[in-house]
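Asker: Quick one: this structure, given as structure tokens, is what I'll be asking you about.
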Amino acid sequence: MATYDYDDSRANYDDPRHAPVPSPAGQDIGYDPNFVPDSVKSFVVHLYRHIREKNVYETHQMYETSFQTLSDRLFKDTPWPSVDAVAHFVDNDHVFCLLYREMWFRHLYARLSPTLKQRIDSWDNYCSLFQVVLHGIVNMQLPNQWLWDMVDEFVYQFQSFCQYRAKMKNKTEQEISLLRQYDQAWNVYGVLNYLQAFVEKSSIIHILEEEKGLEQFTLNDGYDYSGGSSNVLKVLGYFSMVGLLRVHCLLGDYHTGLKCLLPIDITQQGVFTSVIGSHITTIYHYGFANLMLRRYVDAIHEFNRILLYIYKTKQYHQKSPQYEQILKKNEQMYALLAICVSLCPQVKLIDETVNSQLREKYGEKMMRMQRYDEEAFAIYDELFSYACPKFITPSAPSFEEPLANYNQDAYRLQLKLFLFEVKQQQFLSGIRTFLKVYSTISLGQLAIYMEMDESTLRTILLTYKHKTHAVDSVGKIMSNADVDFYIDDDVIHVVESKPVNRYGDFFLRQIVKLEGMINDLDRVKLD
């Protein structure tokens, strides 16, 4: 096996970038897997050379720009040339051929509709590549973007396979036979084991714990600029923690997902923020998991920060192949933020810019969501269905007749649990309204106002306490309430949190507006 010895020197989320076109991959008329255009030969040779020289900048340019340009120009509706056709241009280097096939399959998923055999072959290629990284000698530096795309695509293809396998009704006998034969392909335990193996083998948790603030790994974005070792295993281990969060969210295991992410401090800049796809995926799944665990304040905080970041920086990504996905995830996170704010009215936690965008997109719906009637539940259903991950059922199908589709089962279960939680909150809005009016009120008086007996009111007040508190990731009880209370001698005492006035933000916004006006005036030509 050839190995690298270099001693000297994409986002896709869970979504429609991969919407397949009808034609099966590799069956297009005129496609010859052994034909290699000169431009592809040049690309492969130069990419191979830059990787061997540990030239991360040039490798990133070729991976991020040249590969996309050639795909758009030559392979819009067909796969790239086969790995066998290009192998002799790169000295039949085993590791490079595995990397090339990883890109080949990613292009296939993005532009075409992979067959079942190709899905299985992609799994085999990932297994071979990951085995080399985990147990071989891979002394090279790859761009963070490529390493993130590797983990991201691995999880995406697992999700895609589970969705594909769950649609049993229209499967042919040949497909069913292949599913039986390759029952370990894209097995959930195999996927989780590889991601966990990267985390453990890389010792990334120990590396992050040892940094304590001034951090070689974080400051260098995971690269080893001394040229002495590879960044591949460490950065794959780092991104695998995000991959584990995503997989557990797809499975509906939010506690475990957040636990996997604990070593990364998402409130600070880190390697995960060095790639826009990684940044958005991390915060999206972190926020969604907290939403499902009723940790609304944590979800609001992080959604607010990432939406403000996207608002300020999205113009810099307009030419990126990930731009459409950035906008898609942006819209989904606004929908999730609308849900969080409707269930936990903590508007003071949201930046003015984000709040303005939120009201513009969902202001009317959020007003109706406060009524907790059938129309409100329909809106919650709509927003959740639009913004949630594409949940999966990882278990193998039943091959007994009649064959049935079960690809929607996991989604329906999560939607049912979410709407059950929403319906439990319908009495809380009335309680919150009265608590905002009074600083103290007797239980008897409030029971009269709410037209119920004191026993029922006590139950609802306990429900309010329960629903506005949650257990955080380290086991502490945290409050989500904008209005809290305690009862002393049958008298309710209201404690309302005071919003913190952030004058600095206001002045900064006015300064930016003024600078913009001055720049506009400077461009005006006077006769």
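The values are calculated or read from the model by the stated rules, or taken from the named source; none is laboratory data. Owing to the predicted nature of the structure, the values given are computational and were not obtained by experimental measurement. When we count neighbours, we look across all protein chains shown, and the Cβ atoms used for this are built from the backbone with ideal geometry, even at glycine. Side chains are part of the model used for accessible areas, which takes the heavy atoms of the whole protein and leaves out ligands, DNA and RNA. Shrake-Rupley method; radii C 1.70, N 1.55, O 1.52, S 1.80 Å.
Asker: Considering amide H positions built from the backbone, and no H for Pro or chain starts, which residues 5 or more places from S442, or on another chain, come under 5 Å of its amide H?
Answerer: Those qualifying (amide H under 5 Å, at least 5 residues apart or on another chain) are I492.
Asker: Still on this structure, please answer the following. Note down the relative contact order for region 420-496 as a percent, whole number, built from C-alpha pairs under 8 angstrom at least six residues apart. If you can, show how the numbers build up before the last one.
Answerer: Values: 69 pairs, mean separation 26.4, N = 77.
For region 420-496, the relative contact order is 34 percent.
Asker: Could you please state, rounded to a whole Å, how far the C-alpha centre of region 426-477 is from the C-alpha centre of region 291-314?
Answerer: The two parts, judged by their Cα centres, are 27 Å apart.
Asker: State in Å² the accessible area per residue of the chain; use a 1.4 Å probe, count heavy atoms of protein chains only, and round to the nearest integer.
Answerer: 48 Å²
Asker: Once phi is turned into θ = phi - 60°, what whole-Hz ³J(HN,Hα) does the Karplus curve with 6.51, -1.76 and 1.60 give for every residue of region 456-461, x standing for Gly and Pro?
Answerer: Each residue of region 456-461 in turn: 5, 4, 4, 4, 5, 5 Hz.
Asker: Please state, as a whole number in µm²/s, the translational diffusion coefficient that the Stokes-Einstein equation yields for the chain at 4 °C and 1.567 mPa s, with Rh defined as the Kirkwood radius across alpha carbon pairs.
Answerer: 50 µm²/s
Asker: Could you give the Stokes-Einstein D for region 314-429 in µm² per second, using the C-alpha Kirkwood radius, 37 °C, 0.692 mPa s?
Answerer: Reported coefficient: 199 µm²/s.
Asker: Once you place label points 7 Å from the Cα toward the Cβ at T459 and H60, how far apart are they in nm?
Answerer: Label at T459, label at H60, 6.0 nm between them.
Asker: Extending each Cα 7 Å along its Cβ direction at D520 and E451, get the distance between those two points in nm, one decimal.
Answerer: 5.2 nm
Asker: Now for a separate question. If we sort 444-456, 129-141 on the protection proxy, mean other Cβ atoms within 10 Å, highest first, what's the order? Provide the component values of the computation, followed by the final result.
Answerer: On the way: 444-456: 13.7, 129-141: 17.5.
Going by the mean number of other Cβ atoms within 10 Å, highest first, we get 129-141, 444-456.
Asker: What order do you get for 514-525, 38-49 when each peptide is scored by the mean count of other beta carbon atoms within 10 Å, highest first?
Answerer: Ranked from most to least packed, the peptides come out as 38-49, 514-525.
Asker: Next question. Against the 2.2 N^0.38 Å scaling, with N counting residues, where does region 420-496 land? I'd like the Cα-based Rg ratio to two decimal places.
Answerer: Values: Rg = 12.8 Å, N = 77, 2.2 N^0.38 = 11.5 Å.
Normalised Rg, Cα atoms only: 1.11.
Asker: About its Cα centre, what dipole magnitude does region 393-497 give when the only charges are +1 on Lys and Arg Cβ and -1 on Asp and Glu Cβ, stated in debye to the nearest 20?
Answerer: 220 debye
Asker: Report the Cα centroid-to-centroid distance between region 158-200 and region 236-256 in angstrom, as an integer.
Answerer: Region 158-200 and region 236-256 have Cα centres separated by 18 Å.
Asker: OK, next. Evaluate the distance, in nm, between pseudo-label points positioned 7 Å from the Cα of F420 and of V494 along their respective Cα→Cβ axes.
Answerer: Calculated label separation equals 3.3 nm.
Asker: Next question, about the same structure. Measuring from a point 7 Å past the Cα of Y438 along Cα-to-C-beta, which residues in region 453-472 have an amide N at less than 18 Å?
Answerer: Under 18 Å, as judged by backbone N against the label point of Y438, lie 453-465 of region 453-472.
Asker: Measure off, as a whole percent, the carbon and sulfur share of the 1.4 Å-probe accessible area of the chain, all protein chains present.
Answerer: 53 percent
Asker: For region 246-343, which trypsin sites (Lys or Arg not before Pro) are in a loop by DSSP, counting at most 14 other Cβ atoms within 10 Å?
Answerer: Hits after loop and neighbour filter: K319.
Asker: Show the residues, 5+ positions off or on another chain, whose built amide H is closer than 5 Å to the amide H of L112.
Answerer: When sequence neighbours closer than 5 places are left aside, the close amide H contacts are V21.
Asker: Right, next: Roughly speaking, what is the centre-to-centre gap between region 326-377 and region 54-99 when only Cα atoms are used, to the nearest Å?
Answerer: What the calculation gives is 43 Å, centre to centre.
Asker: Here's something else I'd like to know. Put +1 on the Cβ of each Lys and Arg and -1 on the Cβ of each Asp and Glu in region 232-318; which of C249, I276, A299 then has its Cα farthest toward the positive end of the dipole?
Answerer: Positive-most Cα among the choices belongs to I276.
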